[in-house]
1. Could you please find all residues in segment 156-175 being touching a residue at least 12 places away in the same chain (Cβ under 8 Å) and not aliphatic (A, V, I, L, M)?
2. What's the number of the only condition in (1) farther than 25 Å from GLY157 by Cβ; (2) not in a helix (DSSP H, G or I) that VAL25 fails to meet?
3. Quick one: in segment 45-61, of everything that is of a type in the set (A, V, I, L, M, F, W, C) and surrounded by 16 or more Cβ atoms within 10 Å (Cβ to Cβ), which residue is farthest from LEU186 (Cα to Cα)?
4. Which residues, taken from segment 46-62, are over 16 Å from the mean Cα position of the chain (by Cα) and at negative phi?
5. Being of a type in the set (Val, Ile, Thr) and surrounded by 15 or more Cβ atoms within 10 Å (Cβ to Cβ) is the filter here, so list the residues in segment 5-25 that pass it.
6. Can you tell which of GLU29, GLU37, GLU64, GLU70 is exposed (fewer than 14 other Cβ atoms within 10 Å of the Cβ), modelled with pLDDT of 95 or more and within 27 Å of LEU171 (Cα to Cα)?
7. All but one of (1) more than 16 Å from ILE182 (Cβ to Cβ); (2) surrounded by fewer than 23 Cβ atoms within 10 Å (Cβ to Cβ); (3) touching a residue at least 24 places away in the same chain (Cβ under 8 Å) hold for ASP42; which doesn't?
8. So PRO2 clears everything in (1) surrounded by fewer than 16 Cβ atoms within 10 Å (Cβ to Cβ); (2) at pLDDT 95 or above except one condition, right? Which one?
Amino acid sequence: MPKKTSSALLLFPGAGSGRSHPSLVAIEEALAPLPVERADFDYRREGRRAPDRAPKLMARVRTEAEALVERTGIAPDRLLLGGRSMGGRMCSMVVAEGLPARGLVLIAYPLHPPGRPDKLRIEHLPDIRVPCLFVSGTRDPFGTPDEMESHTKAIAGPVTHVWIDGARHELKNADGAIVAAIQEWLANLP
């Protein structure tokens, strides 16, 4: 019998890490008793280093989302999704394609490859209609504050940006600030 709760959070890691990334663990621990699940993509489960293509990554997000909804007994539109870098991006793409969600938690979102602002990853943003939290460093080479704020205006749902001053893409030593941003955002989420 699934455990009853009103919401749950599903988190995915960035391309170079797994579900045990310290930031994801810190989020899970800090948000208790909210059910938080950290999931790996197939390539990590199989011991490979190189990420699969987006369709396979997105399929894993859908599978894990359905399983978490089933385990927790929540309505599908009460599920929160997100993660670090590529993991958050894949969640945003799945939600843009229509997966029901309460909101997106996007940590160090990779707006474009480092040094390649011409290679934007924004095509799906206008199709996102849920609240979004972006937590990023002010010195992230994957997207400057100005770039992020300019391009996320295309999102139909409400967008919140939290900037960690001086931090780069890794958001090193910023777990406390990341957790605080998520807690505050969740406290004000409808």
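1. Keep residues of segment 156-175 that are touching a residue at least 12 places away in the same chain (Cβ under 8 Å), which gives 156-171, 174-175.
Correct list: GLY157, PRO158, THR160, HIS161, TRP163, ASP165, GLY166, ARG168, HIS169, GLU170, ASP175.
2. (2)
3. Initial filter on segment 45-61 (of a type in the set (A, V, I, L, M, F, W, C)): 50, 54, 57-59, 61.
Now restrict to residues that are surrounded by 16 or more Cβ atoms within 10 Å (Cβ to Cβ): 57-58, 61.
On the way: LEU57: 26, MET58: 24, VAL61: 21 Å.
Per the criteria, the residue is LEU57.
4. Restricting attention to segment 46-62, the residues satisfying the condition of being over 16 Å from the mean Cα position of the chain (by Cα) are 46-53, 55-56.
Result: GLU46, ARG48, ARG49, ALA50, PRO51, ASP52, ARG53, PRO55, LYS56.
5. Of the residues in segment 5-25, the ones of a type in the set (Val, Ile, Thr) are 5, 25.
Selection gives VAL25 alone.
6. Numbers: GLU37 fails: exposed (fewer than 14 other Cβ atoms within 10 Å of the Cβ); GLU64 fails: exposed (fewer than 14 other Cβ atoms within 10 Å of the Cβ); GLU70 fails: within 27 Å of LEU171 (Cα to Cα).
Within the list GLU29, GLU37, GLU64, GLU70, the selection yields GLU29.
7. (3)
8. (2)
The values are calculated or read from the model by the stated rules, or taken from the named source; none is laboratory data. None of the values given here were measured: they were computed from a predicted structure. Note: ideal-geometry Cβ built from the backbone for every residue, glycine included; neighbour counts use all protein chains shown.
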